[in-house]
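To keep things clear, I will list the structure first and then write my remarks on it.
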Amino acid sequence: MLSKLILAAALAGACLHAETGYDAWLRYQSIEGALRVHVRATLPAVVTMLNDADPEAAARGELIRGLRGLTGRTLRAEGRIPRESAIVLGTLDELGRAAPQWNLGAPLPEDGYWLKTVIDHGARYTVVTASNPRGVMYGAFAMLRKIALGEPVDSLDERSTPYAPIRWVNQWDNLDGSIERGYGGRSIFWENGHARADLTRVADYGRLLASLGVNGCSINNVNANPRLLAAEMIPDIARIAAALRPWGVRVAVAVDFASPKILGGLDTFDPLDAGVAAWWKQKADELYRAIPDLAGFVLKADSEGRAGPSIYHRTHADAANVVARALAPHGGLLFYRGFVYDHHMDWRNPKNDRARAAYDNFHGLDGQFDSNAVIQIKNGPIDFQVREPASPLFAALEKTNQVIELQITQEYFGQAHHTVFLPRMWKATLDFDLHAGGASTPVKALAAGKTFHRPTGGFAGVANVGLDENWFGNHLSQANLYGFGRLAWDPDLTSRQIVEEWTRLTFGGDPKVDGTVAAIQLGSWRTYENYTGPLGLQGLTDITGNHYGVNVEASERNGWGQWHRADEKGVGMDRTVATGTGYIGQYPPTVARAWESLATCPDDLLLFLHHVPYTYVLHDGKTVIQYLYDSHYEGAEAVAGYAHQWKTLAGLVDERRYREVLAQLEYQAGQAVVWRDAVTEWFRRTSGIADARGRVGSYPGRFEAEAMHLDGYQVRDVVPAEDASGGKAVVCAAAECSAWLQFAGAAGWYTLRVQYFDQRNGISRYRLRVAGQWIDEWQADLLLPTVTLDSSSSTRRVIHGVALRPGDEIRIEGRPDGGEPAALDYLEIVPENQ
Ligand code: GCV
């Protein structure tokens, strides 16, 4: 009776989250047709585990859960190898003892697994084995993935080993429950200064990570609160570690380098001070007493205002080693971030260059870091921009451990509001050959420690999942976490393989869904690049603010160093050795030679590496200025296409996720137009060169709100001017205002597009009336990252199928709320289907 109740509860639990996105790629949707018949015919009735501790126990639970979902059958759980066919879970050692006759002795590297069919006395055993229990669990997830993908599992002999030992995610969660650059809701770990009372979400996150082979997670912001290391917080860290442990995910914490002084009461945090070293040691000992499997620390020092060794004129190696030595006796690792740069650089000096910083700070210290210290290097030299070359630091550390840091959370990629499939971009970096030492050395091999035979290395991904039901605030963004984990296990997978797997697991096996989603995801990086920063421009967003909307000049004339140097004559950062900052000289000669010369520099990186006139002709035959115009129009058009393509999936994707993805893509389509118009207008104004195709500055059917009849609305300048059409908007300071015009076109069917501003500080309401008839109403309730009139709040409402007659009055009424003034930018009236 009791077990029946447990089963009922488990099934109810499974239904509770059905199709909200919560289960992500672990939905275990029922397989159908011939595949179902085949799998059911070959599936044994028993799953045996030879060790009842986690993570093997978690693996057995997962197999039972997964197979019940996929096949509708619930396997019997046993602790011994039965005389009938069974799935058998156990390490090689355990199997050697329980079934020596199977001779499964071949060594496997840590975390690698082996799926092997063994026939013994007429029974068929599907063996899931590994050298360690975590590997057994990875094997169980792999089995389930194979079945869900329709791959045969009745005659197996498949080994898989992770490419690198370090496969970690970082979370930038603050102790108050907020997340720096998190777009999927508040922290699953922290609330009001302590670990959340209910850590169910943490355990479920561990399960998602385990399914990908991710084996570590740092649980707090690298802009670390020193209080995290206070004695009172250690039980909190231990509780979080306990929630992740069953899934083989070890916890790490980010620490503040000034902790010995701020928290420990010492008068210094000088890394060469004996008292400081003793403090770190005592703190590490205290932590390891409570969390013996703590993975280590992450440290951001001397960067963006964080304390670091420079104050004592010490090196990064001094800083890393004092902490690493405290962790070493416990087997812990210290991740020292390579993201060190001066954000007060003199922008007037053409030789200054933030891109040089990581290499300049670290390459001279190669060989001085302890063996448990790891330099964590962002994929590119700036900061997760839409197109950056691989960081030259990867090739410059031969005697130091390194990992590559990738950003899964979409800080500079439209946050949760845009779909951008990042594995495609990561692949470009991971596969890029830096030719370190002359030989072929792709970034993935350098980061994993293979090239220079380092003891460790691998991948760190900044994930920032949150409490939103679908973890990221955007269903399609889940593919980025999936892709990160899959690439960390096997960076040789192609983007297409990853996206096809993910789509099938996440949305089911309908070929139309699979094809459509794959096409959207695979094109999305280039599309996003096209409308936000082509040719290596990067940094056209509001880099001193929310990193979301357009602000072409925000990166200029300040110390942050994300300069693109666009002026009336030309654009791009001169990073050549001959005339520029010398950054290109940080690369091994083969790469440096190719990039130094305009003749061989790839178009995609041109403006990252060179300053050229707008009339410079690219390899693709266009001038730079025309490429900038064209790519923005192509990008905006492509996103509009995504929304149309998604609509063809109505009825093929479950209702809620269909609706939510459609809303996201339609919003993105509008936002891509905002980007297109703002960037192209800015460059046209600045360069004085017209668009050869006549699109920029000419918007058929567009009526500026400031030129309409206004009842109550007042005209305001928008700053920066490119963020609003015509540089102006209208705002309402009364309870209600309206803007109207008389339609002067021909009678027919039209689409109306209302461009309005949806700030975060209120929920304004809008209504639209045609010839006295109210035909639409909506509210400005998206949670966009701004409280002002700008491109981040600029949003589009599209009303299809409107019958207009000459002389019709079209009236938009706005009702402000809170600090949000129900602002309008323009109305577009375009013939239907245009
Ligand atoms: C956690 C960028 C982000 C910061 C982040 C920093 C880092 O600058 O905008 O929010 O800080 O990178 O990676 O440390």
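The values are calculated or read from the model by the stated rules, or taken from the named source; none is laboratory data. Note that this is a predicted model, so its numbers are computed, not measured. Note that we place each Cβ from the backbone using ideal geometry, even for glycine, and neighbour counts take in every protein chain shown. The area values use the complete protein model at the heavy-atom level, side chains included, leaving out ligands, DNA and RNA. Shrake-Rupley method; radii C 1.70, N 1.55, O 1.52, S 1.80 Å.
The table that follows gives values for the structure above.
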| read-out | value |
| --- | --- |
| Rounded FRET efficiency, nearest 0.05, which uses the C-beta distance separating ALA771 from GLU180 and R0 of 45 Å | 0.35 |
| Heavy atoms of TRP560: accessible area, 1.4 Å probe, square angstrom to 10 | 90 |
| At R0 = 45 Å, FRET efficiency that the Cβ-Cβ distance of GLU158 and ASP781 yields, to 0.05 | 0.35 |
| Euclidean distance between Cα centres, the stretch 496-517 to the stretch 769-818, Å | 35 |
| Computed over the stretch 159-221, the ratio Rg/Rh where both radii use C-alpha atoms and Rh is Kirkwood | 1.04 |
| Helix 316-327 axis, angle to the chain major axis (alpha carbon atoms, nearest 10°) | 40 |
| Radius of gyration and maximum dimension Dmax of the stretch 357-510, Cα, Å | 16.2, 54 |
| Label-point gap, in nm, between GLU655 and ASN349 - each point 7 angstrom along Cα→Cβ | 6.4 |
| The stretch 580-599-the stretch 289-367 distance, computed between alpha-carbon centres (Å) | 26 |
| Segment GLU84-ALA519, length gained on full extension (0.36 nm per residue, minus Cα span) | 152.1 nm |
| Expected-Rg normalisation [2.2 N^0.38 Å, Cα atoms] applied to the stretch 690-834 | 1.01 |
| Cα-centre dipole for the chain with unit charges at Cβ (Lys and Arg positive, Asp and Glu negative), debye to 20 | 1680 |
| Debye log10 I(q)/I(0) for the stretch 677-721, one point scatterer per Cα, at q = 0.28, 0.34 Å⁻¹ | -1.07, -1.20 |
| Check: the stretch 64-145 dipole with +1 on Lys, Arg Cβ and -1 on Asp, Glu Cβ, in debye | 400 |
| Low-density loop cleavage sites - GluC sites (Glu not before Pro) in the stretch 371-442, where at most 16 other Cβ are within 10 Å (DSSP) | GLU398 |
| Label point distance in nm, THR20-THR268, each placed 7 Å from Cα along Cα→Cβ | 5.4 |
| Cβ charges +1 (Lys, Arg) and -1 (Asp, Glu), total dipole of the stretch 324-418, debye | 40 |
| Of every Cα-Cα pair in the stretch 529-633, the percent that sits beyond 22 Å | 30 |
| Average accessible area per residue (Å²) across the stretch 790-834 - probe 1.4 Å, nucleic acids and ligands excluded | 37 |
| Förster radius 56 Å - calculated FRET efficiency between ALA45 and HIS644 (Cβ-Cβ, nearest 0.05) | 0.70 |
| Sequence-separation-based contact order of the chain, relative, with Cα cut under 8 Å and 6+ spacing, percent | 9 |
| Expected-Rg normalisation [2.2 N^0.38 Å, Cα atoms] applied to the stretch 213-309 | 1.08 |
| Ranked order, TRP525, TRP563 - accessible area, probe 1.4 Å, largest first | TRP525, TRP563 |
| Using alpha-carbon coordinates, inclination of helix 655-687 to the longest axis of the chain, degrees | 50 |
| Charge-dipole axis of the chain as Lys and Arg at +1 and Asp and Glu at -1 on Cβ define it, positive-most pick from TYR633, VAL202, GLY814 | VAL202 |
| Residue-normalised accessible area of the stretch 587-642, expressed per residue, 1.4 Å probe, Å² | 37 |
| Which of ASP604, ASP620 is most accessible, then next, and so on - probe 1.4 Å | ASP620, ASP604 |
| Extended-chain gain in nm, criterion 0.36 nm per residue less alpha-carbon gap, SER310 and LYS146 | 53.9 nm |
| Simple label model, 7 Å out from Cα along Cβ direction - ARG693 to HIS453, nm | 5.5 |
| With all protein chains modelled, accessible area of MET425 [1.4 Å, Å²] | 20 |
| For the chain, with +1 on Lys and Arg beta carbons and -1 on Asp and Glu, the positive-most of THR441, GLN497, VAL255 along the dipole | GLN497 |
| For the stretch 642-656 and the stretch 49-100, distance of Cα centres in Å | 39 |
| Cα coordinate range in the stretch 349-436, projected on the principal axes (Å, largest first) | 43, 36, 23 |
| Degrees separating the helix 495-507 axis from the principal Cα axis of the chain, which is the longest one | 90 |
| Long-range tail of P(r) for the chain (Cα pairs > 49 Å, %) | 23 |
| Probe 1.4 Å, accessible area per residue of the stretch 138-276, Å² | 31 |
| Dipole-positive endmost among ALA739, THR686, PRO831 within the stretch 677-834 (Cβ charges, Cα centre) | PRO831 |
| Net lengthening on full extension, ALA34/ALA439 (0.36 nm per residue, minus Cα-Cα) | 140.9 nm |
| Of all accessible heavy-atom area on the chain, the percent that carbon and sulfur account for (1.4 Å) | 52 |
| Set of the stretch 286-329 residues, backbone N closer than 19 Å to the point 7 Å along the Cα-Cβ line of ALA242 | 286-295 |
